[in-house]
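One structure, as structure tokens, below. Some questions next.
The values are calculated or read from the model by the stated rules, or taken from the named source; none is laboratory data. Keep in mind it's a predicted model, so treat the numbers as computed, not measured. In this analysis, Cβ positions are derived from the backbone assuming ideal geometry, glycine residues included, and neighbour counts consider all displayed protein chains.
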Amino acid sequence: MLLSARSHRLRASLLITSCLAALPLAAHAQDTAPAPASDDAIANEIVVVGSQIKNLKTAGELPVSVVSDDDISAIAPTSAADLLQALPANGTMNFNGTDTVSGGVHSARGDVASVNLRSIGSGNTLVLLNGRRLVQHPGTQTEDSVPVSTVNMNTLPVRGIKRMEVLHDGASAIYGSDAVAGVINTVLDDSFEGLRVGGELGFAENTDKMKYSADLQGGWTFNEGRTHLSLALSYYEATKVWASELDYAGASDRRGFVADTPFAGDLSFDNRSSSTPWGQFTAANAVPGLTSSGGVFHIQPGSMAGCSGALSDGLCIADGSLQRDLRYDINSSRTMSPGIKRGNAFAFITHDFGDFEFYSELSYYRARTDEYRGESSILSSARFNISRDAYWNPLGAAGNPNRVSGFDIPEEGVDLTLTNYRVVDAGLRHIRVDNDSFRLLGGFRGAWGNWDWDTAGLYSEATTKDVTFDRISNTLFSQALNRTDASGYNPFNGGDLANPNWGDASINSPETIDSFLVDVSRYAKTTLALADFKVSNGSLLSLPGGDVGIALGVEWRRTSFSEDYDDRLDGTTNFIDAVTGEMINQSDIMGSSVAGDASGSRNVYSAFTELAVPLVSRDMDVPLVRALNLQLAGRFEHYSDVGSVFRPKFAASWYPFDQLQIRGSYAEGFRAPNLEQLNTDVTTRVSTVIDYYACQASVNKGDIASLGACAGNDRVEERRFGNTQLKPEKNASYSIGAVFTPTPRWTLTVDYWHIKQRNLVGIFGAENIAALDYVSRLQGNGGLSGVHRADPTADDIAFYQGSGLDPLGEMVQIDDLFTNLDSRTSAGIDFGLYYQPPETPLGSFDIKFNASYLDKAYQGLSPQAQQIQSVLGAEVPLEAVGDLIERDGRPKWQASGTLTWKKDGWAAGLFGRYVGSYYDTGVVQDETNAYWKVNDWFTMNAYLQHTFQEGALSGSRVRFGVRNLLDSKPPFLDATYGYDASLASAEGRFFYTSIQASF
């Protein structure tokens, strides 16, 4: 299954080969080809990102890459997410709608995609539509244990895009907050004339995945050419994919995939759940010969070793904890990617009043996803008491028909606690997410002499309705467990004897199950209101080097968010125990921690200025200075909740001779804390940590060789407290690069960039706090006050005997606080190669190649992290600190390239994408402490199309294409579905055909 390194190198070489294959063909007709387009013609393609000065030629002055309509055709995306993943500078896409299992109902689920330029985190890239901001998605995703928000890129269409502009440079001084890593501006075609309709149908080779899409684009002119209406409609549908359709995704126990590696047998690859239909219990009193000394027992097949008491139907009671062989294969009950239905509608209306123009944008987006998750299981902080009078209690009072015989059970029976259980017979959880957003923009633009002015107002709103059908109410389940007749729920009937790791062959009655099933919802909303006024003058005054350009502007914007959880989740309706009548947990939903409702808003007032100063021009004949230009910018922003900030930017462009440009910039930026980090009192999540204190006991007893070999898998509730005192994150970045144009048809670019972020908002993290708690105990200071443990049980006391350590109970809760933490430094190099060969007898070609090299990614260590490292060294890896290069989704190299060809109505294209290797730090080899290596990955798309040029079908187009032409499997690693969904795709070779008709 795992591809060899040699095979990966071969596939990577195909990326460059596909981009260079046309070079000999181009040379064939070089001497007779027509001259390249003039500078004036090129200037008509104005790139607006990176400057607010109208008609400023920034394409060569700043590190901007443009994804054109031809590029989009070669990439063949079905969503903006596909398009963004084609950008080498884009890192992990943590909002991806696929890998949302860990966050559950608290995750940004559904049809959502993020952008992450420079791999410095979602939310650090500003996203614009036609030069103005987009509303944030009304859901957050946890990155490095911190909730981050982002624009949902899937609200943008892939049809009707004129171009996508990517500024690889800090731009907070021009655009404001979030433009830390750069800016992505999507420019839609608002001047289209005519009518065009199209459709696409495709299927995957490795799964049952099907995709359908239809689109319409129209443009009409009225009022003697003064009014123009453009309309773009698109619909997309994709079927769901079950994890079980792919071997590596459907298996929770993946040890078989690493059997021939140094990681053979590593338990990190066994992700089966200890929550199973084989119930695990603790009796209030130990029963000799039946339970452990601490009263612990579980249900298992009678054919397995270790039975201490027989039950009916081939089952038995066994003392102690559940053995690994009975763990549950949770991926057999999951969809890997949801079914999606998505619609986008955009309309543009412009009207020329003579001296000025009115323009407007109206857009609407709606998407529905349906997916399925495994059956509900209980939390360690929400366990269930089972009365001695409960009908199905095998340790119940005398006279109970289900009481086991032959043991010294008290006459009155024994109360039990259900400590771990998966309610398999209640069925899968069906999750439906509806995302909606709309955008209304109206403005006027015109000119006063040499001054261009532009003013507009917009209002945009996004909503998410996340509903999970057939969740389980803890209170109602507790009542069902404790009924005194056969209508009660029986958790003692085990799973499937024929397949102990999945399914349940002994289900309870539908009436009993229906009595505790509930539907649970979460509703969230974000808004953006914005008004701005800006003016620019490309010829403010004349210098010997040319005209000085200036832009000035003011902006007001208001953002808000609100999140309303179901009453059973937000603490309104609590888990009330049917036996004691006491509140067990604030959340009444099985498997989900409490999440309080939250809301917040902020107003931002800003003003900016920008100067473009040409110091030297070609006409001045200065040796080695054909041209020298400066860009100076500054922006002041006042936030109603976090104060004020001013950030400058300086950029320079120097041409020592016409074919070579040297460019550089220095910028200071900022990012305000998001509204959830500021306004949420507390969020509770279930986290998996390692209890290193218990691991040390195992080391002392000789059960394991070292702490590094510890495979603890403790689930704890992590409470993350909001902080109204958070300050904006600040950053300083610089870049220097060169553009070499040996001929008008060749362009080579290289840019080095460096970003230093300070005051990063974050939390220390449950895993790190658990390690710090252990260090504190080693140093004789006792445990941390924010780590809460249960009282030690008799089994805990027995476990610590012979270890030399005082017995402790298990960790149940960890507290953490959002705060401004340490710094992060990132650096890298971007490369570009662009070639437009002259026309040849075989047609015209266009070649583009882009690559990004990540040279540095270092997260500073806090004093607490330094304390852990100084005591425990490399034996205990710290979470998301230190050197992050080639770790956890940060490969050194990413690259992509396109090759397109056109001839007499025929066209074809190739697109290749390469992602370098990195290491999964969640898997550590026991003897060498080496991390699991995630192999590099290469995919290629291809298409062939024909556009009819005459007759009844004139203007119509037929295309056949293949995505993932080489059927490349994603690199294997220890993740939910066996691959990194934020960087790779599990979709195999995908065939599609499309038609398009123009009128």
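Could you check region 934-964 and list, in sequence order, the residues that are in a loop (DSSP other than H, G, I, E, B) and surrounded by 18 or more Cβ atoms within 10 Å (Cβ to Cβ)?
Residues satisfying the conditions are Asn935, Asp936, Ser956, Asn964.
Here are the criteria: (1) out of contact with any strand residue (DSSP E or B) (no Cβ under 8 Å at 6 or more places or on another chain); (2) over 30 Å from Asp681 (Cβ atoms). Tell me which single one Thr572 does not satisfy.
All conditions pass for Thr572, except number (2).
Pairs under 8 Å by beta carbon, first residue on the phi < 0 side of the Ramachandran plot in region 441-452, partner basic (Lys, Arg) and not in a loop (DSSP other than H, G, I, E, B), six or more apart or different chains?
Taking only residues 6 or more apart or on different chains, the pairs are Leu441/Arg132; Asp452/Arg445.
Read through the list (1) in contact with a His (Cβ under 7 Å, 6 or more places away or on another chain); (2) over 30 Å from Ser377 (Cα atoms), then give the number of the only condition that Ala595 fails.
(2)
Out of all the residues in region 801-812, is one or more in contact with a strand residue (DSSP E or B) (Cβ under 8 Å, 6 or more places away or on another chain), surrounded by fewer than 18 Cβ atoms within 10 Å (Cβ to Cβ) and either of a type in the set (S, T, N, Q) or in a strand (DSSP E or B) (or both)?
Among the residues of region 801-812, at least one is in contact with a strand residue (DSSP E or B) (Cβ under 8 Å, 6 or more places away or on another chain), surrounded by fewer than 18 Cβ atoms within 10 Å (Cβ to Cβ) and either of a type in the set (S, T, N, Q) or in a strand (DSSP E or B) (or both), which makes the answer yes.
Only residues that are assigned to a loop (DSSP other than H, G, I, E, B) and under 24 Å from Ser587 (Cβ atoms): list them for region 471-510, please.
Hits for region 471-510 are Asn482, Arg483, Gly488, Tyr489, Pro491, Asn508.
Could you tell me which residue of region 330-343 is nearest to Val423 (Cα to Cα), considering only residues that are modelled with pLDDT of 95 or more and surrounded by 22 or more Cβ atoms within 10 Å (Cβ to Cβ)?
Among those that are modelled with pLDDT of 95 or more and surrounded by 22 or more Cβ atoms within 10 Å (Cβ to Cβ), it is Ile340.
Just one of the numbered conditions (1) out of contact with any helix residue (DSSP H, G or I) (no Cβ under 6 Å at 6 or more places or on another chain); (2) more than 30 Å from Lys727 (Cα to Cα); (3) crowded, with 19+ Cβ neighbours inside 10 Å; (4) not basic (Lys, Arg) is not true of Ser593; which one?
Result: Ser593 fails condition (2) only.
Filter region 242-273 down to the residues that are of a type in the set (Ser, Thr, Tyr) and within 27 Å of the chain's Cα centre (by Cα), then identify the one that is farthest from Leu379 (Cα to Cα). Lay out the reasoning, then the answer.
Let us first name the residues in region 242-273 that are of a type in the set (Ser, Thr, Tyr), namely 244, 248, 252, 261, 268, 273.
If we keep only those that are within 27 Å of the chain's Cα centre (by Cα) too, we end up with 244, 248, 252, 268, 273.
On the way: Ser244: 26, Tyr248: 27, Ser252: 20, Ser268: 21, Ser273: 13 Å.
If we take residues in region 242-273 being of a type in the set (Ser, Thr, Tyr) and within 27 Å of the chain's Cα centre (by Cα), then Tyr248 is farthest from Leu379 (Cα to Cα).
Which of the residues spanning region 125-143 are basic (Lys, Arg) and buried (at least 22 other Cβ atoms within 10 Å of the Cβ)?
Within region 125-143, just Arg133 meets the criteria.
I'd like the full set of residues that are under 27 Å from Ser601 (Cβ atoms) and either at pLDDT 85 or above or among the hydrophobic types (A, V, I, L, M, F, W, C) (or both), limited to region 675-689.
Leu675, Leu678, Val682
Moving on to the next point. Identify all residues within region 173-220 that are of a type in the set (Lys, Arg) and under 28 Å from Ser122 (Cβ atoms); write none if there are none. Give the derivation first.
As a first pass, look at region 173-220 and keep what is of a type in the set (Lys, Arg): 196, 209, 211.
Once the filter is applied, which keeps residues that are of a type in the set (Lys, Arg) and under 28 Å from Ser122 (Cβ atoms), region 173-220 yields Lys209, Lys211.
So, one more: Considering every residue within region 515-529, establish whether at least one is without any contact (Cβ under 8 Å) to a residue 24 or more places away in the chain and surrounded by fewer than 20 Cβ atoms within 10 Å (Cβ to Cβ).
no
Considering only residues that are in contact with a Leu (Cβ under 7 Å, 6 or more places away or on another chain), part of a strand (DSSP E or B) and surrounded by 19 or more Cβ atoms within 10 Å (Cβ to Cβ), which ones fall in region 871-895?
Within region 871-895, Ala895 is the sole residue that qualifies.
On to the next question. Can we say Ala76 is on the phi < 0 side of the Ramachandran plot and either modelled with pLDDT under 85 or among the charged types (D, E, K, R) (or both)?
no
Still on this model: Those residues that are of a type in the set (A, V, I, L, M, F, W, C), part of a strand (DSSP E or B) and within 30 Å of Asn674 (Cβ to Cβ), I need them from region 814-863; list them, please. First the steps, then the outcome.
Quick first cut of region 814-863, residues of a type in the set (A, V, I, L, M, F, W, C) only: 814, 817-818, 821, 827, 829, 831, 833, 842, 845, 847, 849, 851, 854, 857, 861.
Going one step further and asking which of them are part of a strand (DSSP E or B), we end up with 814, 817, 827, 829, 831, 833, 845, 847, 849, 851, 854, 857.
Of everything in region 814-863, those that are of a type in the set (A, V, I, L, M, F, W, C), part of a strand (DSSP E or B) and within 30 Å of Asn674 (Cβ to Cβ) turn out to be Ile814, Leu817, Ala827, Leu854, Ala857.
If you don't mind, another one. Among (1) over 25 Å from the mean Cα position of the chain (by Cα); (2) modelled with pLDDT under 85, which single condition is Tyr692 missing?
Only one criterion in (1) over 25 Å from the mean Cα position of the chain (by Cα); (2) modelled with pLDDT under 85 is unmet by Tyr692, namely (2).
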